[in-house]
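The values are calculated or read from the model by the stated rules, or taken from the named source; none is laboratory data. From a predicted model like this one, the values you see are computed outputs, not experimental measurements. We place every Cβ from the backbone using ideal geometry, glycine too, and count neighbours over all the protein chains shown. Areas reflect the complete protein model, heavy atoms only, side chains present, ligands, DNA and RNA absent. Shrake-Rupley method; radii C 1.70, N 1.55, O 1.52, S 1.80 Å.
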Amino acid sequence: MDRDRMLEVGVGLVSRFGAKALSLTSVARHAGVARATAYRMFGGREALVDAIVSHELDQLRQHLVEWGADESDVAGKVRARVIGSLEYIRAHEALQYVLREEPEEVVRAIISTDRERPSLVQRVVDVSIVDVSDAEAAALYPDPRAAAEFLVRVVYSCMLVPGSAMSDEDVADLVVRAVVR
């Protein structure tokens, strides 16, 4: 059993039972491997959760590249990424389960005050700026990191308070106005 498969099983379990119920034992059982294998692979629940978050961030990074790939200008890329992110969040079963049943888990991750661990906002910003081209970076205001952070914060506010008079396109247009020179 490879690590990615174990992580996928973990995400699936969160989709069905929530983040609080996630354990190495449950992941091992549902993956059809010995409990010792899961412990060797991850060491403990906290490491499993960190690995799942990192895996999900890698997936998000790939999507961010895809969402902007067909756009010729920076504004179009940013707009596509905002809309793609909002759609992705609504379609993500594990995240939706946690938002409905355990919202405090999401809020805790977003506003992490642990100096050893960056907040989820900072982690998403870190992965989202890796693939920004020089031309794209030059067009982002006030700089790529701040622009990415603004985008992430807006998307997370939409995630936490989903009802809005604005469409995804309206939100994306406002973000573009704020961060593209």
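Here are some notes:
- Per DSSP, loop trypsin sites (Lys or Arg not before Pro) in segment 51-123 with at most 15 further Cβ within 10 Å: Arg115
- Whole-number percent relative contact order across segment 119-181, with pairs defined as alpha carbons under 8 Å at least 6 apart: 41 percent
- The heavy atoms of His63 offer some 50 square angstrom of accessible surface to a 1.4 angstrom probe.
- On a per residue basis, segment 108-181 carries 60 Å² of accessible surface, using protein heavy atoms and a 1.4 Å probe.
- Placing a label point 7 Å from the Cα of Gln59 along the Cα-to-Cβ direction, none of the residues of segment 108-130 has a backbone N under 15 Å of that point.
- For segment 36-181, the fraction of 1.4 Å probe accessible surface lying on carbon and sulfur atoms is 53 percent.
- Counting only Cβ charges, +1 for Lys and Arg and -1 for Asp and Glu, the dipole size of segment 40-181 around its Cα centre is about 300 debye.
- Prolate/oblate/rounded call for segment 87-151, Cα gyration tensor, a/c under 1.5 rounded: oblate
- Spin-label pair Ser72/Asp170, simplified geometry with 7 Å Cα→Cβ offset, distance in nm: 3.0 nm
- Overall Cα dimensions of the chain, principal axis frame, Å, largest first: 54, 35, 33
- Relative contact order of the chain, defined on C-alpha pairs under 8 angstrom at six or more residues apart (%): 23 percent
- Using R0 = 25 Å, the C-beta based FRET efficiency linking Val161 and Arg117 works out to 0.50.
- Test item: Cα-centred dipole of segment 63-131, Lys/Arg +1 and Asp/Glu -1 on Cβ, debye: 180 debye
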